[in-house]
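> The structure follows.
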Amino acid sequence: MLLDRKHFSPLHRNWLATVILVTIASAAWFAWTWWRSGRNPGGGSWTGLAFGIAAALICLFEMALVIRKTSWFRARRTLLGIPLGTARAWMAAHIWLGLLAVPLVAMHAGLRFGGTLSWLLAWLFIVVIVSGVVGLTLQNVLPRLLTEAVPDETIYSQIDVVGSQLAADAARLARLYGGPPPEEWAELEQASASRPSPTAEGVIAGAPRRVGTMVERSPHPEVNLPRGADSPDLHWAVKQEVAEFLRTGRSSTGKLGSAQQIQWFFDDLRRRVRPEARPAVDQIEDLCRRRRQFNLQVWIHFWLHSWLSIHLPLSVALIWLLAAHIVGAIAYN
């Protein structure tokens, strides 16, 4: 954790102090060179060249994190007798050195963009830095949001399986309280019994949790219900709206699209069903609220991982443009 003051470790504090000191020293050297020579010390000066070399080395180190995270390097603590350091230390260095590269690049460019290639390289560098900062923010904020907003969090790859279990529970409640079900509901009620089995092609990590309302099964469940509990409105609601939402997380009519809409839908349903069936409505409403939490989990998971699909390709493109920039500078200067 970087943004939380309680978890701002000494590792990050040391890097922060180092970045501040190096930035101040670099800015002082840049200002002194400018004052002494009377002109902006751009990339063609020795000062600008030093800043450029330092920034280029930082960019190469930033890309080395990809190699450090491969399975071969993760299993090793040393390379040729040299300690590799922990992944946590590499990530801290990746963050702070990336931020340090910003003032170094700016002073290397002489506080201006320059020609076409330099202009393109500078803007790509800015986008890479911004995407990295956004990713860092998401990595610190979204896990906390997931813990607080999704108390019923389940295994991400098993959300659809758990959704089918919830739909089966809702169908079972509708069968008990809503009258005789249509024949196609038998498949829905059996969905909770199915489990994806690990295969040679793909092994599922973990196991799906049993989430939902546990309803006691009986050959004649209606005998355990009060007389007059039969409520076709409940049967219709589960068939037309609830079952699809629990299975897929989508509401085709939009009646279960938000927490407020779920409350309105079930408040209206409670008024239409028989009083004896209202406990079942409460339980099915709870199932829908759990499914909505799973939808939020899917959304958080998407943003937690998708930013890297932008940051990493742009970083690779930055390295290629950096190589072209170095070759061009050597060839024409």
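The values are calculated or read from the model by the stated rules, or taken from the named source; none is laboratory data. Just so we're clear, the structure is a prediction, and the values are computed from it rather than from any experiment. For neighbour counting, all protein chains shown are included, and Cβ atoms are generated from backbone atoms with ideal geometry for every residue, glycine included.
> Would you mind telling me which numbered condition in (1) surrounded by 13 or more Cβ atoms within 10 Å (Cβ to Cβ); (2) closer than 27 Å to GLY85 by Cα PRO41 fails?
Single failed check for PRO41: (2).
> Of all the residues that make up the stretch 59-97, how many are β-branched (Val, Ile, Thr), closer than 20 Å to THR18 by Cβ and over 21 Å from the mean Cα position of the chain (by Cα)?
Adding up the residues that qualify gives 1.
> Which pairs do you get when a residue that is within 14 Å of LEU318 (Cβ to Cβ), found in the stretch 49-65, comes within reach of a residue that is assigned to a helix (DSSP H, G or I) and of a type in the set (Ser, Thr, Tyr), reach meaning Cβ atoms under 8 angstrom, with the pair 6+ apart or on two chains?
GLU62/SER315; MET63/SER315
> From the list ILE310, ILE300, which one is touching a helix residue (DSSP H, G or I) at 6+ places or on another chain (Cβ under 7 Å), under 30 Å from ILE53 (Cα atoms) and of a type in the set (A, V, I, L, M)?
Criteria check complete, one pass: ILE310.
> Would you check if there is a residue in the stretch 155-173 being assigned to a loop (DSSP other than H, G, I, E, B), buried (at least 18 other Cβ atoms within 10 Å of the Cβ) and either modelled with pLDDT of 60 or more or of a type outside the set (S, T, N, Q) (or both)?
No, because not a single residue in the stretch 155-173 is assigned to a loop (DSSP other than H, G, I, E, B), buried (at least 18 other Cβ atoms within 10 Å of the Cβ) and either modelled with pLDDT of 60 or more or of a type outside the set (S, T, N, Q) (or both).
> If you don't mind, there's one more thing I want to ask. Among the candidates LEU121, LEU100, which residue alone is modelled with pLDDT of 95 or more, crowded, with 19+ Cβ neighbours inside 10 Å and within 34 Å of the chain's Cα centre (by Cα)?
LEU100
> Please specify each residue of the stretch 246-257 satisfying the condition of being outside any helix (DSSP H, G or I), of a type outside the set (Val, Ile, Thr) and in contact (Cβ under 8 Å) with a residue 12 or more places away in the chain.
Within the stretch 246-257, GLY249, LYS255, LEU256 meet the criteria.
> Could you identify the single residue in PRO143, PRO151 that is surrounded by fewer than 18 Cβ atoms within 10 Å (Cβ to Cβ), modelled with pLDDT of 80 or more and not in a helix (DSSP H, G or I)?
Just a single option satisfies the conditions, and that option is PRO151.
> Among all residue pairs at least 6 apart or on different chains, which show Cβ distances below 6 Å where the first residue, located in the stretch 5-26, is more than 25 Å from GLY52 (Cβ to Cβ) and the second is modelled with pLDDT of 95 or more and not aliphatic (A, V, I, L, M)?
none
> Return only the number of the condition from (1) in contact with a Gly (Cβ under 9 Å, 6 or more places away or on another chain); (2) part of a helix (DSSP H, G or I) that PHE125 does not satisfy.
(1)
> Given the residues TRP90, TRP34, TRP29, which is the only one that is closer than 21 Å to VAL133 by Cα, surrounded by 15 or more Cβ atoms within 10 Å (Cβ to Cβ) and assigned by TED's automatic domain parsing to the domain that holds LEU314?
TRP90
> Within the stretch 255-275, how many residues turn out to be out of contact with any Asp or Glu (no Cβ under 9 Å at 6 or more places or on another chain) and more than 17 Å from ARG289 (Cβ to Cβ)?
Looking only at that region, the number is 2.
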